[in-house]
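The values are calculated or read from the model by the stated rules, or taken from the named source; none is laboratory data. Just so it is clear, the structure is predicted and the values come from calculations on it, not from any experiment. Cβ sites come from the backbone with ideal geometry, for glycine too, and all protein chains shown count toward neighbours. Keep in mind that these areas ignore ligands, DNA and RNA; they rest on the heavy atoms of the full protein, side chains included. Shrake-Rupley method; radii C 1.70, N 1.55, O 1.52, S 1.80 Å.
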Amino acid sequence: MTYAHRLWLMIARRTRHSVSLFLLVFCLSLLGIISSYFGNIVACYQRFVVSDIGYSLKLYRTDGNAIPPNVIQQISHIKGVIGCNQEANMLVQPVNFANAIPDSEDNLFDIPESDMVRLYADSNTALNLSFANHMELVEGMLPADNDAGVIIDTVLAAKNNLGIGNEIVIKNPETGSELSIPIIGIYKAVSPPQESWWGTSGNIEYGQSPYSYLFCTIPTLEALLEKDLPSSAVIVYGKDRKSLDNISDAIEQMGLSPQDYQLLNRTENQIGRGTSASRAISSASAVLSSVTIFVSAFVLLLVVVLWMRACYKDTAILITLGAKRHEIVFDYFLVTSAISVFALLLSLPVCSLIINGYGNRMIEHIFVATGNLSGLEIDNYMTAALNQPLEWTAYLKSQFMLLLVVWAATLIASVNILKNKPAKLFNMS
Amino acid sequence: MISMNNVCFSYRQKRRNRDILVDLSMQFAPGKVYAIYGPSGVGKTTCLSVLGGLDTPTKGSIEIDGTDIKTIGYSQLRKQFVSFVFQDYHLFPYMTAIENVVVAASIANKSKGHEAKEQATALLSSLGLDSDTIRRPISQISGGQQQRTAIARALIKNPTYILADEPTGNLDKENAQVIMGILVNLAHKQNKCIIIATHSDLVCAHADVTMKMEDGKLFVGGE
């Protein structure tokens, strides 16, 4: 009889104990994974918000006048401020080039028919999060100061045989005016830009072509619009969520008139908009986590201890046969681990089926149960978060926690058993 | 030869030390059956536990062929030199008879796999268990068959010393006779040293040496 065979007999022939431990670990694993799934949605939602708008404040004048450059200068020097940017964008019509649209035949993209491109105008393109979070410059330079110039995507450039030094012509669809702009840089998208989300069939869907983003300066856009854009608003970027509070306090202490200036925390405002939905999911995640932790801490511990109580006689026999105590503890570790790991592994595909099949329905039930269904604002970020694929690392973490509880319970129970002499263990069994 | 040298064993009970074995010195030689008898609670089982290294004497030493069992190591002692047979058999209830025997060989690293299985089958067969019985779960065989399985388990390691605690206590007279016959045979034909703690006159009648345990001491009753 091999060692493995002996352990297998302990598992397979003590069916009642093995099955009870298996079922409990399996159910707890399901709870843990579903809890992680909900937690993941909330985390994804916040991550998408931050990826899109960053940790940013918006300072704007209520009277529509321009913010004086010295105020922007002053804000730039506040501790925690990464930089200030003035941003605007509009859809424009390509004139001497064609928009590049991903090949939808490969089933990766589902893009509305569009020949429009989006022109982003910034005082500092590097701070524009559509650029900063999703793209990297591969050639040339970023638009800066008052220089006229635009940077375009590599795919768009390749499709139209465009390069640095060429000029593109774009048309304002509202006024019909055209503008010729030199290309000063080429960028490459490293991740899907903001106007994209995971489709229900698992593919990436775009609101517009991911290759259609053009970046230029504010004066370039003003030239296209044939009017000045009043710089009545500035986006202030902070390094993290916490720094925004300090920056807000510092701006308020600058003595700007509250009648003329308003300060908006864009990050909190956006996260706050999705609060009712994310709070409901977050609560569900917390409840499931609590149940999982409580049940695993007490019931799982109890079941493992009871499982081990059935081992009193085994332990005494093994000692009389000459097995060392640490070898016996190791045997029990292997047996409980084998049952638990099997349950945990089996719970993964089952959970995947449940989440893929009923994930959205579960979310709906949560919304109904929390009475928030009518009041929920499920924005694009939440929609994208709800459609996020499973993040297995988070789930494996919750499973490892369960395994730790099983190991701790096995250790406690084993030590408790082994402190008794065989004669006592025989009497106790 | 296994010898007890001035062995004392006591434990605390109700804030008092209770002496079980008092300055006990005795030698047990292979080839003989020893029966230790005396009233319940006198310390017969403790005496076997101390001999088998399941309990540690508070004073004195146990030696096997002149080597202290502490030097041998308690685990090694039970793997190599000493086997136990109990009144309640104490077999793994979820295993078959043959599995119970093979597992002992595997723990003692005596033999593994097919060889162990063959040895176990031969042993069980020599103790009167047929091939059908040895493949049945322990719960489905009789007390006498279980005790024979326990003896086979004790023998598979080929130990010199077999410590049996009331081995016939749960058996009827006929089965008790058979088991005692087996144990006597083991001592006389295979040169094993069988030490039995018992209440039974039948066991004492089969023993080569009977010892009465009284006040923590052993008194040899005759050879």
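Among (1) assigned to a loop (DSSP other than H, G, I, E, B); (2) within 14 Å of chain A (Cβ to nearest Cβ), there is one condition B:G31 misses while meeting the rest; what is its number?
Status for B:G31: all satisfied but (2).
So B:V85 passes all but one of these: (1) part of a strand (DSSP E or B); (2) modelled with pLDDT of 90 or more. Which condition number does it fail?
In the conditions (1) part of a strand (DSSP E or B); (2) modelled with pLDDT of 90 or more, B:V85 misses (2) alone.
Of the residues A:V329, A:V350, A:V406, A:V415, only one is assigned to a helix (DSSP H, G or I), modelled with pLDDT of 80 or more and within 14 Å of chain B (Cβ to nearest Cβ); which?
Answer to the check: A:V329.
Would it be correct to say that B:M26 is farther than 30 Å from B:P137 by Cα and buried (at least 16 other Cβ atoms within 10 Å of the Cβ)?
Against the criterion (farther than 30 Å from B:P137 by Cα and buried (at least 16 other Cβ atoms within 10 Å of the Cβ)), B:M26 qualifies.
Keeping to the range A:301-326, report how many residues are assigned to a helix (DSSP H, G or I), within 11 Å of chain B (Cβ to nearest Cβ) and basic (K, R).
Summing the residues that are assigned to a helix (DSSP H, G or I), within 11 Å of chain B (Cβ to nearest Cβ) and basic (K, R) in the range A:301-326 gives 2.
Output the number of residues of the range B:107-126 satisfying the condition of being buried (at least 19 other Cβ atoms within 10 Å of the Cβ), within 11 Å of chain A (Cβ to nearest Cβ) and not small (G, A, S).
Residues flagged as buried (at least 19 other Cβ atoms within 10 Å of the Cβ), within 11 Å of chain A (Cβ to nearest Cβ) and not small (G, A, S) within the range B:107-126 amount to 1.
Give me the pairs, please: first residue somewhere in the range A:1-30 and touching a residue at least 60 places away in the same chain (Cβ under 8 Å) and within 14 Å of chain B (Cβ to nearest Cβ), second residue anywhere and among the aromatic types (F, W, Y) and not in a helix (DSSP H, G or I), beta-carbon distance under 7 Å, and either six or more positions apart or on two chains.
Pairs found: A:R14/B:Y94.
Looking only at the range B:39-51, decide whether some residue is more than 14 Å from chain A (Cβ to nearest Cβ), in a strand (DSSP E or B) and surrounded by fewer than 21 Cβ atoms within 10 Å (Cβ to Cβ).
Checking the range B:39-51: not a single residue is more than 14 Å from chain A (Cβ to nearest Cβ), in a strand (DSSP E or B) and surrounded by fewer than 21 Cβ atoms within 10 Å (Cβ to Cβ).
If you scan the range B:205-221, which residues turn out to be over 15 Å from B:A29 (Cβ atoms) and surrounded by fewer than 19 Cβ atoms within 10 Å (Cβ to Cβ)?
B:A205, B:K212, B:E214, B:D215, B:K217, B:F219, B:G221
Checking the conditions here, which among B:D165, B:D132 is under 13 Å from the mean Cα position of the chain (by Cα) and not basic (K, R)?
When all the criteria are applied, what remains is B:D165.
Go through B:D65, B:D88 for me and flag whichever is at the interface with another protein chain (Cβ under 9 Å from one of its Cβ atoms) and open to solvent by 30 Å² or more (accessible area, probe 1.4 Å).
B:D88
Please go through the range B:10-21 and give me each residue that is open to solvent by 50 Å² or more (accessible area, probe 1.4 Å) and touching a residue at least 24 places away in the same chain (Cβ under 8 Å), ordered by number.
Once the filter is applied, which keeps residues that are open to solvent by 50 Å² or more (accessible area, probe 1.4 Å) and touching a residue at least 24 places away in the same chain (Cβ under 8 Å), the range B:10-21 yields only B:D19.
Would you check which residues across the range B:52-74 are part of a helix (DSSP H, G or I), in contact (Cβ under 8 Å) with a residue 12 or more places away in the chain and farther than 17 Å from B:C8 by Cβ and list them?
Across the range B:52-74, the qualifying residue is only B:Y74.
Tell me yes or no: at least one residue of the range B:140-161 is among the hydroxyl-bearing types (S, T, Y) and modelled with pLDDT under 85.
no
Given the residues A:N265, A:N269, which is the only one that is open to solvent by 20 Å² or more (accessible area, probe 1.4 Å) and at pLDDT 85 or above?
A:N265
If B:P159 passes every condition in (1) open to solvent by less than 30 Å² (accessible area, probe 1.4 Å); (2) closer than 17 Å to B:K79 by Cβ; (3) more than 15 Å from the chain's Cα centre (by Cα) but one, which one does it miss?
The failed condition is (3).
Specify which of the listed residues (B:L129, B:L171) is buried (at least 19 other Cβ atoms within 10 Å of the Cβ), more than 30 Å from B:R18 (Cβ to Cβ) and at pLDDT below 85.
The conditions single out B:L171.
Looking at B:Y74, is it open to solvent by 30 Å² or more (accessible area, probe 1.4 Å), in contact with a strand residue (DSSP E or B) (Cβ under 6 Å, 6 or more places away or on another chain) and not β-branched (V, I, T)?
Criteria not met by B:Y74.
Name the single residue that is farthest from A:N128 (Cα to Cα) among those in the range A:54-78 being touching a Leu at 6+ places or on another chain (Cβ under 8 Å) and open to solvent by 30 Å² or more (accessible area, probe 1.4 Å).
Restricting to residues being touching a Leu at 6+ places or on another chain (Cβ under 8 Å) and open to solvent by 30 Å² or more (accessible area, probe 1.4 Å), the top hit is A:Y60.
So, in the range B:169-216, of the ones that are in a loop (DSSP other than H, G, I, E, B) and among the small types (G, A, S), which residue ends up farthest from the chain's Cα centre (by Cα)? Give the steps one after another, and end with the answer.
Narrowing the range B:169-216 to residues in a loop (DSSP other than H, G, I, E, B): B:169-172, B:191-192, B:199-200, B:207-208, B:215-216.
Keeping just the survivors that are among the small types (G, A, S) gives B:169, B:200, B:207, B:216.
Values: B:G169: 13, B:S200: 16, B:A207: 14, B:G216: 20 Å.
Going through the qualifying residues, I end up with B:G216.
Give the residues of the range B:52-62 that are away from chain A (no Cβ under 12 Å) and surrounded by 19 or more Cβ atoms within 10 Å (Cβ to Cβ), sorted by residue number.
Looking only at the range B:52-62, we keep the residues that are away from chain A (no Cβ under 12 Å), and these are B:57-62.
Selection gives B:P57, B:I62.
Test each condition in (1) crowded, with 19+ Cβ neighbours inside 10 Å; (2) under 33 Å from the mean Cα position of the chain (by Cα) for A:N133 and report the one that comes out false.
Unmet condition: (1).
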